[in-house]
Amino acid sequence: MANSVRAANPVLVEVTRGKIVESRHCGAVAVFDAEGKAVLEIGDTQRPVFPRSAVKAIQALPFVESGAADAFGFGEREIALACASHSGEPEHVALALSMLERAGLGEEAYECGAHWPTRQEATVKLAQGGGAPGAAHNNCSGKHAGFLCTCRHMGIDHKGYVALGHPVQEAVREAMEAVTGAAHSTDLCGTDGCSIPTYAVPLQSLARGFARLATGNGLGRERARAAGRIIAACMAEPFFVAGTKRADTVMMQMGKGRIFTKTGAEGVYCAAIPERGLGIAVKCDDGAGRGAEVMVAAVLAGLLGKDDPLAAELDGLARPTLRNWRGIEVGGMRPAVALTETMT
């Protein structure tokens, strides 16, 4: 399936109301193997994009490679949370705080900022109890717990750990460069929502990177081992990667250890199929998460093939029904022709 569509990013997702297409999402898709071979490309996959939270599994490599995860007795749940954009549900918050506690730190060590849980029920419960959100409710608090534990284990001053040039962020940058093969230079650097540096790189590089992360190819023995643990932990504990009814949790629960997925802000999504040695990266041009979710589900289904039962489940996610506040079906979403025809 070495297909390539190089024109301006086409419409990849359609949103219908009744029988009419009401909205359209343009985007780009890259699928690469761990040897760097393009399996599928749609749109401009060379244009640098900020991957945002989609690369947390790569950013977690120093946490595992340094020995910090083992030193503090962490298992798959903690490793998964270090890769998470969680919903701020009580289980997420409690685990994040317990990670800090094992490292001898409290919530005040966080430098990610605070926001209300993204899960409405968690927000309502917190507010009804007279509480207010803390940094542990931040969807990135697990990743930051990983950074802080890495600092403590390595004897690095954790103050200012989010800043460009801090040793833990330099370790993250080195891991990102090594895995994706793309330069992470300061002229491509911005500041992420949780205050750490984020670097714009091509979708091609992200797809290659996730193929390497999922297979260990080209990473060296120790890094490959750490990558394998991270991917396995996320697939084993998908609730701690996202949360109740979230797309990453749902897809990885469906996959039962066969697929890895991770969303990022502004319509970026990365994924991998370890058994096929494939990495996937998509970008929805208008930044809509709903569009990116349909794209990645459709691509995963297409790559697995129509005879695979998992593909049928994923195809269902790529064609969600839209309902109004009374529960009446009013439309839906679906992959557009530019995506479905390229996948065949």
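The values are calculated or read from the model by the stated rules, or taken from the named source; none is laboratory data. The structure presented is a predicted model; accordingly, all values stated were derived computationally and were not measured. Here the Cβ positions follow ideal geometry from the backbone for every residue, glycine too, while neighbour counts run over all protein chains shown. Surface areas here come from the heavy atoms of the whole protein model, side chains and all, with no ligands, DNA or RNA. Shrake-Rupley method; radii C 1.70, N 1.55, O 1.52, S 1.80 Å.
What do you get for Rg/Rh of segment 177-336 when both radii come from the Cα atoms and Rh is the Kirkwood radius?
Details: Rg = 16.4 Å, Rh = 16.6 Å.
In segment 177-336, Rg relative to Rh is 0.99.
Quickly work out the residue 187-to-residue 217 label distance, labels modelled 7 Å from Cα along the C-beta direction, and quote it in nm with one decimal.
3.2 nm
Give me the dipole magnitude in Debye, nearest 20, for segment 153-264 about the Cα centre, with unit charges on the beta carbon: positive for Lys and Arg, negative for Asp and Glu.
About 580 debye.
Assign unit charges at the C-beta atoms only (+1 for Lys and Arg, -1 for Asp and Glu), then state the dipole size of the chain relative to its Cα centre in Debye, rounded to the nearest 20.
560 debye
Among 304, 325, 314, pick out the residue whose Cα is farthest towards the positive end of the charge dipole of segment 288-344, where Lys and Arg carry +1 and Asp and Glu carry -1 on C-beta, about the Cα centre.
325
Could you state the accessible area per residue of segment 166-255 in Å², with a 1.4 Å probe and every protein chain left in place?
Working: 3150 Å² over 90 residues.
Result: 35 Å² of accessible area for each residue.
Would you kindly find the accessible area of residue 248, with a 1.4 Å probe and non-protein molecules such as ligands, DNA and RNA excluded, rounding to the nearest 10 Å²?
Solvent-accessible area, nearest 10 Å²: 0 Å².
Suppose a student asked you for the relative contact order of the chain, using Cα pairs under 8 Å spaced at least 6 residues apart; what percent would you report?
Values: 765 pairs, mean separation 79.6, N = 344.
Relative contact order comes out at 23 percent.
How high is the relative contact order of segment 224-344? Use alpha-carbon pairs under 8 Å, at least six apart in sequence, and give a whole percent. Present the calculation step by step, with values, prior to reporting the outcome.
On the way: 173 pairs, mean separation 17.0, N = 121.
In percent, rounded to a whole number, it is 14.
Please work out how much length the chain gains when fully extended from residue 46 to residue 245, using 0.36 nm per residue of separation minus the C-alpha to C-alpha distance, in nm with one decimal.
Working: separation 199, 0.36 × 199 = 71.64 nm, distance 3.25 nm.
The residue 46-residue 245 span can extend by a further 68.4 nm.
Within the accessible area of segment 2-149, what % is carbon and sulfur when the probe is 1.4 Å and the other protein chains stay in place? Each step should come with its number before you reach the end.
Working: 2960 of 5830 Å².
Of the solvent-accessible surface of segment 2-149, carbon and sulfur hold 51 percent.
Keeping all protein chains in place, calculate the accessible area per residue for segment 1-155 (probe 1.4 angstrom), answer in Å². List each step's numbers first, then the result.
Working: 6290 Å² over 155 residues.
Value for segment 1-155: 41 Å² per residue.
Which Cys residues of the chain have no other Cys beta carbon under 4.7 Å away?
26, 83, 149, 151, 189, 234, 270, 284
Taking the Cβ-Cβ separation of residue 120 and residue 20 as r and a Förster radius of 22 Å, what is the calculated FRET efficiency to the nearest 0.05?
Details: r = 30 Å, r/R0 = 1.36.
Rounded to the nearest 0.05, the efficiency is 0.15.
Which whole-percent values make up P(r) of the chain when all C-alpha to C-alpha distances are grouped in 20 Å steps starting at zero?
Percent of pairs per bin, in order: 33, 58, 9, 0.
Per DSSP H run of n ≥ 4, the term is -39500 (n - 2.57); total these for the chain, divide by its residue number, and report the mean residue ellipticity at 222 nm rounded to 500 deg cm²/dmol.
Values: 14 runs with 140 residues, N = 344.
Mean residue ellipticity at 222 nm (helix-derived): -12000 deg cm²/dmol.
What does the accessible area of residue 85 come to, in Å² to the nearest 10, when a probe of 1.4 Å is used?
Approximately 10 Å² for this residue.
Hey, any idea what % of segment 226-344's accessible area is carbon plus sulfur with a 1.4 Å probe? Provide the component values of the computation, followed by the final result.
Numbers: 2460 of 4750 Å².
The computed percentage sits at 52.
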